[in-house]
Amino acid sequence: MNLRIKLRLIGLAAGISLMGLVIVFETIQSQRQAQELRTQLNLVDSESFRIADQFREFLRELNGSMYRYGIDRDPAERDGFLEASHTVHLWIDEQKPKLTSDQEKALMQQIDAAYDDYLRAASELLTKFQSAGQQHATMADYVGLRKESEYLFDLGQSLAKAHYQSRGVVVARANRSIKKLRALVLLSLACLFILGVVLAVIVYRDMIMPLRVKLVESQALMERQEKLASLGMLAAGVAHEIRNPLTAIKAALFIQQKNFQPGTQEFSDVKVVEREILRLENVVNEFLLFARPTEPQLATIAADAPLREVQTLLAPQLTASNIQLILEESPPLRIRADAAQIKQVLINLVQNAADAIGQNGLVKLRARQDRKRIANADTHVVILEVTDNGKGIPPEVQQRLFDPFFTTKESGTGLGLSIAVGIVHRHGGTLQYQTQVDYGTTFGIILPQATE
């Protein structure tokens, strides 16, 4: 990709990102304004009903105290009336700053004046009660007070209605803001659509079209895979042809070595031949395993079971090179696997780790849980890890690490990791690695986690 295409893509991506941010910002602003509108409307609604209810309650309390005093002549009722009347006066003064419309303010002025008339009527009635000789008040005594009370109640209802009507001002202001935001969002979407079309044209012309050239590389890769398949068939044929005479040679050698005494040159030569025969058998077995892999017999097993078996099997051998093989504590995880095949992969990875260390080192085994994408889906997985503190893998080796018959060992066949990858893939998993030169390498067998 040349610089011109990169600059175009960067510019378009920046434009699309900016438009996206604008749309996100406008959406957030719209949601915020809508929330504020709901809050204000709820406040207006609740405030309207609260004013009417509270004012009605105040009047009911004042009238009740006056009626009870007129009947019982209890000084406590009179004192309660005076205290409540003072509270109502303070409440009226507190409501005045909260009002916004002229109609509300005018009504509150009327309520203030009417309340003064109400208090005057109540004061005259109290005076009458204190100077009259009759023991109980009659309904006729309360006519003036009841008239002022009803008038106050009507004014309170009118104030609640006016306060409720002020919600229209809030709604109109919010509608104006929403219309502006809507126009801005539509403009941003139009710009985003245009930028998207331009980006699609550039991507198709400058990126997708050149991909047709890469089809040649894909065909070359397919040819390489076919060659590997042919190579596998050839390896299987060669291995089969070698195995039979090798078995005969091994049997003859076993018979002949009985004729030689230990410590003689002939006996030593026989042992050398025996070791070479065993090495040839291992090579033949690896050829056959690469050419004709067996399908795994899956069963649900504890994830750390093959790790534990490999640690028990190989730890004594590695001790001779002063290499510690440690099994770390792992959570109780389970996998669906062929225990023998997974054990074979782990043995190969541990032996490779020991070869990378040489002398005096540490190899750690552990199982851990993670979430990875395998088989085109995100799923819970178990990772069986083999970590060493060896020399690491050089970049030039990493490029061919899993190629068949590629090896950096003098006596290796280059099939170990290829066979391991095939086994893991047939388990529905993958084989990954992380390495750093002079610090070490970690190989991980990623397998789907099994449910109980």
- [ ] Beyond 23 Å between alpha-carbons counts as too far, so tell me which of K105/K179; K364/K391; K250/K343 fall in that bin.
- [x] K105/K179; K250/K343
- [ ] Return, ordered by residue number, the residues of region 417-452 whose backbone nitrogen is under 20 Å from a label point located 7 Å along Cα→Cβ of L362.
- [x] 434-444
TODO: Give, in nm to one decimal, the length gained when the segment between T127 and S177 is fully stretched (0.36 nm per residue of separation minus the Cα-Cα distance).
DONE: 12.1 nm
- [ ] Tell me the label-point distance for the pair V197, E83, using the 7 Å Cα-to-Cβ offset, in nm and rounded to one decimal.
- [x] 7.8 nm
Open item on the list: Among 319-329, 354-364, how do they line up by average Cβ neighbours within 10 Å per residue, starting with the highest?
Closed with: 354-364, 319-329
Open item on the list: With a 1.4 Å probe and all protein chains kept in place, how much accessible area does L365 have, in Å² rounded to the nearest 10?
Closed with: 0 Å²
TODO: Go ahead and run the numbers for FRET between N322 and L298, Cβ-Cβ distance against an R0 of 30 Å, rounding to 0.05.
DONE: 0.20
Task: All lysines inside 16 Å of K128 as judged from Cα atoms, apart from same-chain residues fewer than 8 positions distant - done: none
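The values are calculated or read from the model by the stated rules, or taken from the named source; none is laboratory data. Please read all numbers here as calculations on a predicted model, not as lab measurements. For neighbour counting, all protein chains shown are included, and Cβ atoms are generated from backbone atoms with ideal geometry for every residue, glycine included. Note: areas computed on protein heavy atoms with side chains; ligands, DNA, RNA excluded. Shrake-Rupley method; radii C 1.70, N 1.55, O 1.52, S 1.80 Å.
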